[in-house]
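Nothing in this text is a laboratory measurement; each read-out follows from the coordinates by a stated rule. Note that the structure is a prediction, hence the values are computed from the model and not measured. Ideal geometry is used to build each Cβ from the backbone, glycine not excepted, and the neighbour counts take in all protein chains shown.
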Amino acid sequence: MELIRGTDIYIKVNNVRVCYNDSGDSAIPILFIHGFPFNKDTWQPQVEFLRERHRVITYDVRGFGKSELGDDDASIVQYADDLIGLMDALEIPKAIVCGLSMGGYILMNAVHRYPERFEGLILADTQCNADTPEAKEKRYQSIEKINTDGTEEYADASVKNLFCKKTLDTNTELVDKIRNVITSTPPESITSTLSALATRNDACVFLKEISNFTLIICGKEDSITPPAKAEFLNTSIKNSSVVIIENAGHLSNLENPDDFNHAMGKFITKTLARF
Ligand code: MLT
């Protein structure tokens with residue numbers, strides 16, 4: 001699968017130069033937040049699928065892709081402020097927003113503080129839990145290792161966990177591309193975000209307050225945020241439904257884009273019909 005680049009546009013958000021793509025046209029845009037440690041190009045199958053009928057925006061979270069890292073301490077709260085800052089800068093009062101994994105952490109944080117900015121939520125391969133002490137420790141060990149050895153080994157270990165067996169066995173092109181995305185990311189972006197992930201707050205406590213229409217998607221073989229995490233989100237958020245994607249691990253939007261797009265498209269049509 002080719003990860004094709006769109007036309008890159010730059011905008012200042014919270015003192016950082018953020019790179020985004022913006023295509024198609026609709027009153028309510030569909031905006032995507034990528035996972036860690038990736039970039040906006042990982043949404044290409046969804047952009048292709050939606051842009052004939054919707055305005056679709058993807059952006060690089062600060063430090064990733066072509067967005068500047070900035071000088072602030074990295075945190076999920078800061079990334080959520082950037083999401084709202086980007087929507088403000090683009091004069092978007094409301095959007096349907098999809099976040100995968102870390103993108104979901106960012107989205108849940110933003111929704112908690114600014115629920116009125118979201119017409120609908122798509123939470124893909126994500127969870128509301130904070131890191132366990134063991135997970136935190138693993139992140140700090142990764143930071144030390146990257147600081148001494150760089151990102152090559154980190155990328156090798158990551159790709160083994162990101163995909164389902166079928167993808168690892170049959171889609172080496174995708175696996176290699178994602179490995180390349182990881183090794184092309186500046187090490188300081190990876191380490192500062194590992195620290196942001198380790199120190200993020202639990203979001204489970206406020207899920208009951210969310211009343212936005214929500215679709216939860218999860219790859220059946222996601223070993224990082226498994227289907228049980230998706231089921232928990234679904235039982236905690238009132239206006240939600242869940243779809244489990246076959247033949248997919250943690251990157252369900254890339255491993256099985258047809259099923260992902262089908263579920264996402266149905267949700268967007270239904271949500272906009274209520275608008
Ligand atoms: C992601 O894909 O964004 C990461 O797996 C999130 C995490 O490490 O918690």
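The set of residues in the stretch 18-38 being in contact with a Ser or Thr (Cβ under 9 Å, 6 or more places away or on another chain) and over 16 Å from A74 (Cβ atoms) consists of C19, Y20, N21, D22, S23, I28, L31, F32. Hey, any hits in the stretch 196-204 for a residue that's part of a helix (DSSP H, G or I), out of contact with any His (no Cβ under 9 Å at 6 or more places or on another chain) and basic (K, R)? Checked the stretch 196-204: no residue is part of a helix (DSSP H, G or I), out of contact with any His (no Cβ under 9 Å at 6 or more places or on another chain) and basic (K, R). Only residues that are touching a Ser or Thr at 6+ places or on another chain (Cβ under 9 Å), without any contact (Cβ under 8 Å) to a residue 60 or more places away in the chain and of a type outside the set (A, V, I, L, M) were counted in the stretch 159-183, giving 2. Of the residues examined, S252 is one that is in contact with a Phe, Trp or Tyr (Cβ under 7 Å, 6 or more places away or on another chain), farther than 13 Å from L121 by Cα and among the hydroxyl-bearing types (S, T, Y). If the condition is being touching a strand residue (DSSP E or B) at 6+ places or on another chain (Cβ under 7 Å) and not hydroxyl-bearing (S, T, Y), then the stretch 122-155 contributes I122, L123, A124, D125.
For the residues L254, L197, L207, L233, the requirement of being touching a strand residue (DSSP E or B) at 6+ places or on another chain (Cβ under 8 Å) and aliphatic (A, V, I, L, M) singles out L233.
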